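Below is one structure; the comments refer to it alone.
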Amino acid sequence: MGNMQQHPQKPDGNGAVEQYDAIVIGAGVSGLYQLYRLREMGLSVRVFEDAGGVGGTWYWNRYPGCRFDSESETYGYSWSEELLQEWDWKEHFSGQPENERYLNFVADKFDLRKDIQLNSRVSAAVYDEDAHCWEVQIEGGQRARAQFLIGAVGVLSAKYMPPFEGIDSFKGLSFHTSNWPKEKVDFSGKRVGCVGTGATAVQLIPHVAEEAGHLTVFQRTPNYCAPCRNSEVSPETQAAWKARYAEIHKRCRETSVGFEHEFDPRSALEVSEEERLALYEKLWIQPGFTKWLGNFYDIMTNREANETFSEFVRNKIRERVHDPEVAEMLVPKDHPFGAKRIPLETHYYEAYNRDNVKLVDVRKAPIERITPKGVKTQDAEYELDAIIYATGFDVVTGPLTQIDIRGEGGQSFKDKWAGGPRTHLGIQTAGFPNFFIAASTAFCNYTVCAEMIVEWIADCIGYLREKKLSSIAPTQKAEDAWVEHSNELASYTLLTDTDSWFMGANIPGKARALLLYANTVPEYRKECQEAAANGYQDFVLQ
Ligand code: NAP
């Protein structure tokens with residue numbers, strides 16, 4: 001782990017306002033690279049990070065079983081050949097401790113720590129229209145100003161805790177998966193409850209089931225979970241990756257969703273049933289998201305095509321769970337495969353074959369309240385020593401709207417985004433000049449798109465500096481067109497009919513809108529490149 005003393009200390013909040021060229025909020029995958037890029041261009045940069053270390057997602061989500069769902073060799077940064085050659089991935093789907101070590105290694109290797117102030121949560125940011133500059137407020141009173149403000153706060157970082165009545169009355173231990181303690185939690189002999197069965201819970205449950213005395217899983221909606229098929233990376237594979245990283249990254253930039261996998265150009269309905277099942281069986285034994293991203297192209301757009309694969313997966317689940325009643329509870333029937341994020345699993349379904357694991361349907365009998373003893377549903381009370389909330393995130397909008405951001409005329413960012421994200425290219429929003437969002441909101445292998453966006457922002461700032469311009473923000477017209485275009489793309493998918501975090505539907509009262517951009521990565525890249533190449537015509541430059 002890196003040397004914490006190298007980080008600048010948080011001042012007491014009574015000093016002068018510090019001045020930088022750029023302020024980056026967040027030291028995760030995007031923020032670290034943004035800092036590197038801007039510093040290489042000669043800008044003075046300060047990163048404010050809420051956590052006590054770098055890594056973002058890979059700092060906070062340290063629950064047992066947490067790991068990549070992307071192949072390690074495609075998730076790592078592509079921008080430094082030296083880094084690619086120096087770093088060895090231990091597993092094909094690398095685990096959280098290793099991922100955190102990787103991002104610390106990057107911070108040390110590129111001497112990033114000296115510009116990252118930890119334990120510093122940005123609470124507000126106000127645009128000064130006369131000076132074309134942002135002033136940010138850090139919790140505790142510190143203030144800093146910069147011409148450019150970059151929100152590198154991630155998309156899955158604002159934790160969601162359902163407002164269960166009595167939540168604080170519980171006498172046992174409570175955990176949210178995205179705020180997991182650094183010290184090992186010992187569940188041995190304990191009665192543990194897990195609320196939620198999304199991608200996080202699916203990684204965690206097999207580990208807790210093995211350790212706990214008893215585990216009760218409170219499930220509202222079952223998911224289509226696909227086998228991860230993780231394994232160790234052999235020295236030969238490691239060497240082969242190192243020899244062909246350029247090719248791997250080129251491929252990831254060219255495929256639809258930023259992985260090495262690509263959809264099969266045939267329709268699921270144009271082949272014989274035998275041929276269809278042969279492909280499904282072939283995909284099933286392969287690691288990672290192949291089952292989704294290497295499938296017939298129309299399983300994400302055509303209900304009938306989708307149903308052929310949905311039913312295939314349902315049967316795979318039934319085969320693995322011994323008790324037919326429990327198996328039926330685990331089989332999703334209310335949404336098509338892929339309309340919710342597919343969790344990748346290792347021994348998930350087998351956990352339900354253990355004597356010490358009980359699955360409770362809280363769709364049928366919802367959780368009424370948390371009591372001092374445990375969880376009370378409509379029809380029973382479950383006594384527990386620990387409750388794990390694997391209840392997800394206020395996705396895409398949450399990490400930004402929880403900061404009080406004020407643009408031109410004092411307008412509130414939170415109010416502007418109340419009906420869903422409003423941007424041009426996912427990167428800037430009208431009325432908030434020089435404010436950039438460095439988070440990938442495309443359906444994409446995270447790092448692949450995040451790198452592209454970070455580079456776009458750096459180039460844009462470089463352009464402004466070269467032309468001696470003081471600010472940039474998209475025109476209202478460009479933003480309206482982008483929102484309309486995004487909604488139109490969404491309407492061609494099977495995503496909009498299902499209640500999922502993709503649609504903001506996991507948070508009661510949140511506006512319903514597709515929060516991710518449903519275009520292919522090459523198309524999205526082209527749109528971003530064109531917006532810059534035409535001299536930023538869709539932007540107001542001052
Ligand atoms: P999630 O997918 O939103 O799952 C939250 C779970 O909590 C759902 O099962 C949800 O049920 C349940 N829940 C929420 N409120 C509830 C309530 N009041 N009563 C009962 N159950 C309730 O969150 P997540 O599992 O943390 O995953 C979020 C995303 O993070 C993933 O989709 C993925 O993109 C990312 N992630 C990535 C990785 C990786 O790449 N390695 C690993 C983990 C997560 P409903 O489904 O009925 O709403």
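The values are calculated or read from the model by the stated rules, or taken from the named source; none is laboratory data. Worth saying up front: this structure is predicted, and the values here are computed from it rather than measured. Every residue, glycine as well, gets a Cβ built from its backbone with ideal geometry; the counts of neighbours run over all protein chains shown. Protein only, heavy atoms only, side chains kept; ligands, DNA and RNA dropped before computing areas. Shrake-Rupley method; radii C 1.70, N 1.55, O 1.52, S 1.80 Å.
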**Entirely in region 43-88, the helices (runs of 4 or more DSSP H) that have 2 or more residues that are surrounded by 22 or more Cβ atoms within 10 Å (Cβ to Cβ)** = 57-60, 72-75
**Item:** Subset of region 389-406 (residues that are in a loop (DSSP other than H, G, I, E, B) and open to solvent by less than 60 Å² (accessible area, probe 1.4 Å))
**Value:** 390, 391, 392, 394, 395, 396, 397, 403
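Out of all the residues in region 245-258, is one or more within 14 Å of the ligand (Cβ to nearest atom), in a loop (DSSP other than H, G, I, E, B) and either touching a residue at least 12 places away in the same chain (Cβ under 8 Å) or within 17 Å of residue 72 (Cα to Cα) (or both)?
Within region 245-258, one or more residues are within 14 Å of the ligand (Cβ to nearest atom), in a loop (DSSP other than H, G, I, E, B) and either touching a residue at least 12 places away in the same chain (Cβ under 8 Å) or within 17 Å of residue 72 (Cα to Cα) (or both).
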**Fill in**
By my count, helices (runs of 4 or more DSSP H) wholly in region 407-504 with at least 2 residues that are open to solvent by 20 Å² or more (accessible area, probe 1.4 Å) and more than 19 Å from residue 527 (Cβ to Cβ) are 413-416, 446-466
**Asked** Considering 129, 183, which residue is more than 18 Å from residue 215 (Cα to Cα), without any contact (Cβ under 8 Å) to a residue 12 or more places away in the chain and exposed (fewer than 15 other Cβ atoms within 10 Å of the Cβ)?
**Response** 183
**Message:** Among the residues in region 198-207, are any more than 16 Å from the ligand (Cβ to nearest atom) and surrounded by fewer than 20 Cβ atoms within 10 Å (Cβ to Cβ)?
**Reply:** no
**Request:** Pick out, from region 329-378, the strands (runs of 3 or more DSSP E) lying fully within it that include 1 or more residues that are away from the ligand (no atom under 12 Å from the Cβ) and open to solvent by less than 60 Å² (accessible area, probe 1.4 Å).
**Result:** 357-361, 374-377
**Request:** Please tell me if residue 382 is away from the ligand (no atom under 12 Å from the Cβ), open to solvent by less than 60 Å² (accessible area, probe 1.4 Å) and in contact (Cβ under 8 Å) with a residue 60 or more places away in the chain.
**Result:** yes
**Prompt:** Looking at 154, 141, which one is among the small types (Gly, Ala, Ser), open to solvent by less than 40 Å² (accessible area, probe 1.4 Å) and closer than 23 Å to residue 198 by Cβ?
**Reply:** 154
**Complete:** Among (1) away from the ligand (no atom under 16 Å from the Cβ); (2) farther than 28 Å from residue 445 by Cα; (3) surrounded by fewer than 20 Cβ atoms within 10 Å (Cβ to Cβ); (4) not hydroxyl-bearing (Ser, Thr, Tyr), residue 282 falls short only on (2)
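When only residues in region 89-103 that are under 18 Å from residue 180 (Cβ atoms) and outside any loop (DSSP other than H, G, I, E, B) count, which is most open to solvent (accessible area, probe 1.4 Å)?
Initially, region 89-103 is screened for residues under 18 Å from residue 180 (Cβ atoms), giving 94-101, 103.
Among the residues that remain, those that are also outside any loop (DSSP other than H, G, I, E, B) are: 95-101, 103.
On the way: 95: 6, 96: 11, 97: 71, 98: 18, 99: 2, 100: 14, 101: 107, 103: 5 Å².
Among those that are under 18 Å from residue 180 (Cβ atoms) and outside any loop (DSSP other than H, G, I, E, B), it is 101.
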